[in-house]
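Student: Shown below is the structure under consideration.
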Amino acid sequence: MTVAAPVAIALDEPMRGRVPSVRVTSLAFALSGMVIGATNTGINFFILLYYNQVLGLRPALAGLALGGALLIDAIVDPLVGIMSDRWRSRLGRRHPFLIAAVVPMAVAYVAIWYPPFGRDQQWALFAYLFAFMVLLRVAISLFDVPTNALIPELTRDYDRRTAYSAAKTSLNWMTANAVGILIYAIWLADPPGGPAGAGVLNRAGYQSAALWIGGGVLLLAAAVPVALRGWIPHLRRVTPPTAASARALFGQVIQTYANRSILALLASAIFFAAGVGLTQALWVYLLSYFWHLGANQVNAVQGAYLIAALVAWWALPRIARGRDKRRLIIALSAIFWIDDVAPIALRLAHLMPANGSPALTPVLVGFGFVDGVLFNMVIAMVLSMLTDVVEDNLVRTGRREEGVVLAGQTLVTKASTALGTVLGAGLLTLARFPQGAPPAELPPDVAFRLGAWFVPAMWALGIASTLAMTRYGITRERHHANLATLDTI
């Protein structure tokens, strides 16, 4: 194994205080997952329906605004990674970014739900959504990329990295579903005597929810750097590199991402996140319009996802201990993609209970529970596997670039989630989905067309995601060999 000229690495001085416990550190990552989960609930699950069905923005413009904002923001992620890798301050490399993101993230989230324009001002409504989505996504980048970059700094242990990743991803998903349950139970509840699902058209409900969620994001995000402050004196300090031109920095980023293992992970993540983004963009459409579920039934399904996240958080570190990450994630991913669209595929084949049947909700809850466990495990495994690329990259290039490496996941997730959002808007167009239609009045052939386009699109993305993962090359043995090589430098 060839070792490039190493980057000079030293510990911050003086060494003050104790290193925070594993429990405190896991809690901090869990809190960071809650922040992302709370913001993602609204903007991934409800924002397309809110701007399209409630505010009257045409689906093509809504998809363009959401997708375009994510694509622009994706460019920010490697820049944040580069900056946080090279930042020097008394608060270390990562904490200043976490602190700077707190207030803008909460304010931008609330503002998105209060546009001063109506359905007769299509381009103004589009511009407002686009601008505040960019602001929100940039703030999330400032928070999420440095947080992820801390994992390989806090532990070199192959299995503990999976435990920290599981804490973040599981609490992300738990929070997303808990917030979704609250939104349906409190703010989008069905009106007394009204048809099932009618509450999803309540504009005031969305806006009230935004205020509460924004306040929660503010408090949780502020707690993360506080919980991790004890690590500051013990984090690695990289000697500042010599000044480099933008072209040279770009070349270094390309060299980092040329690693076969990171390319495999990012390619897999692109297809995986596109599928997740497509599901999230159509989530409310599928539950309310395809399955005709009321608010209480939707909460039952989301409750299954919430419990699934807890199970995944507990189970994944135990399942992964002593196993090779690549083999495990391929198996988990393959099962996930089959289960994820199975209910809709079975409905198209007339093998699911009819809408309104007492048996429908329990069946969807069962599929949802399995889907949620597998989803959280796959996402946590991807994050854990990316942290192992850090040492592999250091051995190969001589540069320690946690921020750049971990920004790759955020970058492709946002870009491909944007693709999922655009695909969702496209499927609505292909299904000839009407605007402003109450769920109970949607023609059955429209719902059938939506499902018929959704299933093959998801399976195609799933096959591509799982196959890409087979190219990942960092085994447990190679990781330990990388650590041994670095210990000799």
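Student: Please work out the FRET efficiency for the pair ALA440 and ALA124, using the Cβ-Cβ distance as r and a Förster radius of 30 Å; give the result to the nearest 0.05.
Tutor: 0.40
Student: Which helices, taking whole DSSP H runs in the chain, have alpha carbons extending 18 angstrom or more along the helix axis plus mean Kyte-Doolittle at least -0.5?
Tutor: 22-40, 59-86, 95-112, 122-154, 158-182, 203-227, 260-281, 295-320, 325-348, 360-397, 402-430, 444-469
Student: If you don't mind, there's one more thing I want to ask. So, with +1 on the Cβ of K and R and -1 on the Cβ of D and E, and no other charges, what is the size of the charge dipole of region 299-346 about its Cα centre, to the nearest 20 debye?
Tutor: 380 debye
Student: Evaluate the distance, in nm, between pseudo-label points positioned 7 Å from the Cα of ALA315 and of PHE117 along their respective Cα→Cβ axes.
Tutor: Roughly 4.6 nm, to one decimal.
Student: Here's a follow-up. Quote the FRET efficiency, to the nearest 0.05, computed for HIS350 versus ALA60 with a Förster distance R0 of 30 Å and r equal to the Cβ-Cβ distance. Each step should come with its number before you reach the end.
Tutor: Numbers: r = 32 Å, r/R0 = 1.08.
The formula returns an efficiency of 0.40 here.
Student: So, one more: With +1 on each Lys and Arg Cβ and -1 on each Asp and Glu Cβ, and nothing else charged, work out how big the dipole of the chain is about its Cα centre, in Debye to the nearest 20. Kindly include the intermediate steps, with their values, before the conclusion.
Tutor: On the way: 37 positive and 24 negative charges, 216 e Å.
Value, rounded to 20: 1040 debye.
None of the figures in this text is laboratory data; all of them are computed from the coordinates on show. None of the values given here were measured: they were computed from a predicted structure. Reconstructed Cβ throughout: ideal geometry from the backbone, glycine too, with neighbour counts over all protein chains shown.
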